Amino acid sequence: MSSQPNTAAPKASPKKKPFFHYGRIEGLKDFSLALPAILFLLLFTYYPLVNSFYLSFTDWNLIKPIKKFVGFDNYTRILTDDRFYHVLKVTFLYTIIDVIVTLVLGLLLALLFNKQSKAYGVMRLFVFMPYYISMVIASIVFIWILNPKYGVLNSFLGTLGINPVQWLNDPKTALFSLIMVSVWKSVGFTMIIFIGGLRSIPLDYYEASSLDGANKFHQFWHITVPLLSPTTLFLVVTSFISSMQVFQSVDIMTGGGPLESTKVMVMWIYQMAFEEFRAGRSSALVVIFFLIIMAFTALQFAVSKKKVHYEG
Amino acid sequence: MKKLWKPALAGALAVSVVSGCGGGSSDGEAAPPAPEDKTPVTIQYWHSHADAQLAGLDYMIKEFNKKYPWITVEPVFQGAYTDLQKKLLAAQAAKEVPAVANVEVSALPNFADSGVFMDLGPYIKRDKVDTNDFSKGMLKAYAYNDKQYGLPLIVSTSVFVYNKTMFDKEGVKPPQTWAEIDEFAKKLTQKNGNETTRYALSVPGWDTWYYDPWVVNGGGSILSADKKTATIDQPDSMKFMKKFKEWKDAGYMHIGYGKGASDVMRQMFYDGKIGMIQHTSALIKMYLENAKFEIGVSFLPGDKTRTSQIGGAGIAVMDLAPQNQKEAAWKFIEFMTSTEHNVKWAEYTGYLPTRKSAIDSEEGKTYFGKYPQYKAVFDNFDNVQPREQHPGYPEFSAFYKEALGKIVLENGEVEPLFKEAAKKMNDVLKDY
């Protein structure tokens, strides 16, 4: 289409359309229907976004009436602070392990449970169930499950002859304990999405390839994985963003400790603003963090252009 | 929490609309004369009183209404102190504030510094409130830069709660000085090989409030007198930590650290696995009710000095509230902290009476007869000191808390860790 040379210039319409012609009125009508949503977004998403950008250049403490302009001071203070790099490391460690484990486990469960029968339906339900338990409740329950002295998990491990693990109380295991809870909670959702993806792959491919002599592994590697890639991309992007922004479970289960070993970015932002009274500096951190997430999401999309196969 | 928050905000909004919406911020040199005005007014009280204290609060509000029938007090529970504090920040930023609120001691400097609370001085003077009747330390805890921003409402201090049954059986007495701890601990600790099965004592590591008095009692301090530099790395300030490490390494001492550590300590104490625990006096009542053994209470052992620090919360008036609400709010906090109901309030809440006149009254004597455990606290009434007052405290205290954590969890060395903490603290202090 575009290769076709546009020889004849579009004829200028002899009569000018009236200002409120049909198309424009329709357009305005469409716009007016979208208006409430747009206003909502403007007020509750974009205004805070722009405002936190503004606050990041001030020394505001949330309660002082005066916001003193401090230029890039907040940014330089954060970028020269060792804690920033520590927190970044913790956040990425959490995110990478969480995303990989959830996706791999979710895919395996999806392959296992992708059968049409009542029994499998019930099993899927059990795997999915944690997803609709509130994170706050799950966290409170897990604090007790993981309690080193009185917890169910350690007493279970004890019967297997394994020494008590300190879980949330040890800087070495705290982050993994948090990841464990996160995986437990979200793997069911990943599984369901993967099952949806698996079912949208036409069976013809499998039939044709098995006629050509492909075994199960070949089929999985050359048909399932490539054709599942749009689903995988979706899950990688959404779980990457949500893992980067993990907060509730950290706040309730560890508060960022012990010894800062689970201090993720949002936790730090929150503590800085509401416990240390540094709203300005924490806004700067918000902006930096926003840019980091945006950059990584862009990177994921760029990579996906090469690797994701859309069918048809 | 969220559910409570919304109606609360709506309520605050409604109140301010009804009362004509206004900021009337007073410059506060002289209090307005006591108005004869008895037009009905509604004030909101944002508090952190846990379930166990609500009966007491109901009682107090009923009594208050008998005295001031035209003032309606709406109590709104806003969660723990830290939650309440965050909501107050938000309310202040939105300029929709309650009239009265609780304030936790360590948060006072920040709020006072930013003009969130009303200076009570002029009102105290106008109504001739005898502030000398409060313990000096308690009153000072709610003053900042020589202005009184709040009055002590629920006051606690950390004490050692001990298993008296166990102590009597083993023939030990709670140590009164640091020097006595070694012998005491040796007697009480039980070991199975290298593993301690019963600790002699436990000090909470999860909150600096518990070991700040140890710093002071060792002869040290957290900040220099001019509050410009950290002194936590001075020999006297680190003395307690070296002792803690000694006792911990010997298997005498248990130090809980991190979230959930409080529950563990409590449970170990109930199970007889710890002989004596440092905890807030506010929980003495809970221990009395739940332990299957006899409970004793002892004041913190001393070294160079023997003090403990004030905890709990005060009650303050929000400066942004409209004038008629402020007047009502002042009447409310004066009532809440008055001698008249002081002992009753203490009994209901499990916190300490704050008025000397109340303690000396007949009612006070009955109270001590009923709860002899509180005697240990009141014999040291004037040794209850305010906390380190600095707007940066929530931020910089995290550094020496972390140093203690590294010593407890990773067996770190005291001196290098405390030196590092002091360095980080100094970076923060530069901002003030």
- prompt: Can you give the three extents of the C-alpha atoms in the protein assembly as shown along their principal axes, from longest to shortest, in whole Å?
  reply: 102, 78, 51
task: For a label point 7 Å from the Cα of A:Ile145 along Cα→C-beta, name the residues of segment A:76-104 whose backbone N is under 20 Å from it.
output: A:94-95, A:97-104
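Rg to Rh for segment A:126-182: what is it, with Cα atoms only and Rh by Kirkwood?
Values: Rg = 12.0 Å, Rh = 12.0 Å.
Reported Rg/Rh (Cα atoms, Kirkwood Rh): 1.00.
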- line: Listing A:Thr95, A:Thr80, B:Thr165 by rising number of other beta-carbon atoms within 10 angstrom, fewest first, gives A:Thr80, B:Thr165, A:Thr95
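Calculated FRET efficiency, A:Asp81 and B:Leu54, Cβ-Cβ r, R0 45 Å, to nearest 0.05? Display every interim value, and only then the final one.
Numbers: r = 43 Å, r/R0 = 0.96.
Approximately 0.55, to the nearest 0.05.
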message: Ignoring solvent entirely, what values of log10 I(q)/I(0) come out of the Debye formula for segment B:280-432 at 0.10, 0.17 Å⁻¹ when each Cα is a single scatterer?
response: -0.58, -1.11
query: Taking Cα centroids, how far is segment B:34-105 from segment A:286-311 in Å?
result: 49
field: Separation of the B:Glu289 and A:Phe296 label points, Cα + 7 Å toward Cβ, nm
entry: 4.7
statement: Between B:Ala93 and A:Leu49, Cβ-based FRET efficiency (R0 25 Å, step 0.05) works out to 0.90
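Restricting attention to segment A:281-311, which trypsin sites (Lys or Arg not before Pro) occupy a DSSP loop and are surrounded by at most 15 other Cβ atoms within 10 Å? Numbers along the way, then the final one.
On the way: sites: A:Arg281, A:Lys305, A:Lys306, A:Lys307; in loops: none.
Sites meeting the loop and neighbour criteria: none at all.
With the cut-off at 1.5 for a/c, could you classify segment A:73-307 from its C-alpha gyration tensor as rounded, prolate or oblate?
Judged from the Cα gyration tensor, segment A:73-307 comes out oblate (a/c at least 1.5, b/c at or above a/b).
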- prompt: Under the definition of partner shielding as Cβ atoms of other protein chains within 10 Å of a residue Cβ, what is the mean value for peptide A:139-151?
  reply: 2
message: Please report the net charge: other residues with Cβ closer than 15 Å to the Cβ of B:Met265, K and R +1, D and E -1.
response: +3
task: Report the label-to-label distance for B:Gln176 and B:Lys423 in nanometres (one decimal), using points 7 Å from each Cα along the Cα→Cβ vector.
output: 4.3
task: Percent of Cα-Cα pairs per 20 Å bin, from 0 to the last occupied bin, for chain B, please list those.
output: 25, 54, 20, 1
- request: Please go through segment B:73-172 and write out the trypsin sites (Lys or Arg not before Pro) that DSSP classes as loop and that have at most 15 other C-beta atoms within 10 Å.
  value: B:Lys95, B:Lys128
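Just add up the charged neighbours of A:Leu62: K/R +1, D/E -1, any other residue whose Cβ is under 13 Å from the Cβ of A:Leu62. Please report the intermediate quantities before stating the final value.
Working: positive: A:Lys64, A:Lys67, A:Arg278, A:Arg281, B:Lys86, B:Lys87, B:Lys95; negative: A:Asp59, A:Glu275, A:Glu276, B:Asp113.
So the surrounding residues net to +3.
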field: Calculated SAXS-style log₁₀ I(q)/I(0) at q = 0.24, 0.28 Å⁻¹ - segment A:171-216, Debye, Cα scatterers
entry: -0.84, -0.93
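Give the order of B:His47, B:His254, A:His222 when sorted by the count of other beta carbons within 10 angstrom, beginning with the fewest.
Details: B:His47 23, B:His254 26, A:His222 13.
Result, fewest neighbours first: A:His222, B:His47, B:His254.
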field: Cut-off 15 Å, label 7 Å out along Cα→Cβ of B:Ser262, residues of segment B:343-369 by amide N
entry: B:351
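Tell me, what is the FRET efficiency for B:Lys140 and A:Thr238 to the nearest 0.05, using R0 = 51 angstrom and their Cβ-Cβ distance as r? Walk me through the numbers before you get to the answer.
Numbers: r = 53 Å, r/R0 = 1.05.
In this case the efficiency is close to 0.45.
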statement: segment A:216-239 and segment B:369-432 have their Cα centres apart by a whole-number Å value of 53
statement: Loop-resident trypsin sites (Lys or Arg not before Pro) in segment B:225-264 with no more than 12 other Cβ atoms inside 10 Å, DSSP not H/G/I/E/B, are B:Lys228
- request: Quickly work out the B:Lys169-to-A:Ile201 label distance, labels modelled 7 Å from Cα along the C-beta direction, and quote it in nm with one decimal.
  value: 6.6
- request: Quick one: among A:Gly256, A:Gly213, A:Gly121, which has the greatest mean-square fluctuation in a GNM of chain A with alpha-carbon springs under 10 angstrom?
  value: A:Gly213
- prompt: Ranked by Cβ crowding within 10 angstrom, fewest neighbours first, how are A:Val308, B:Val216, A:Val50 ordered?
  reply: A:Val50, A:Val308, B:Val216
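No lab work stands behind these numbers, since they all come straight from the coordinates. Remember, predicted model here, so these are calculated numbers, not experimental data. All Cβ positions, glycine included, derive from the backbone under ideal geometry; neighbour counts span all protein chains shown.
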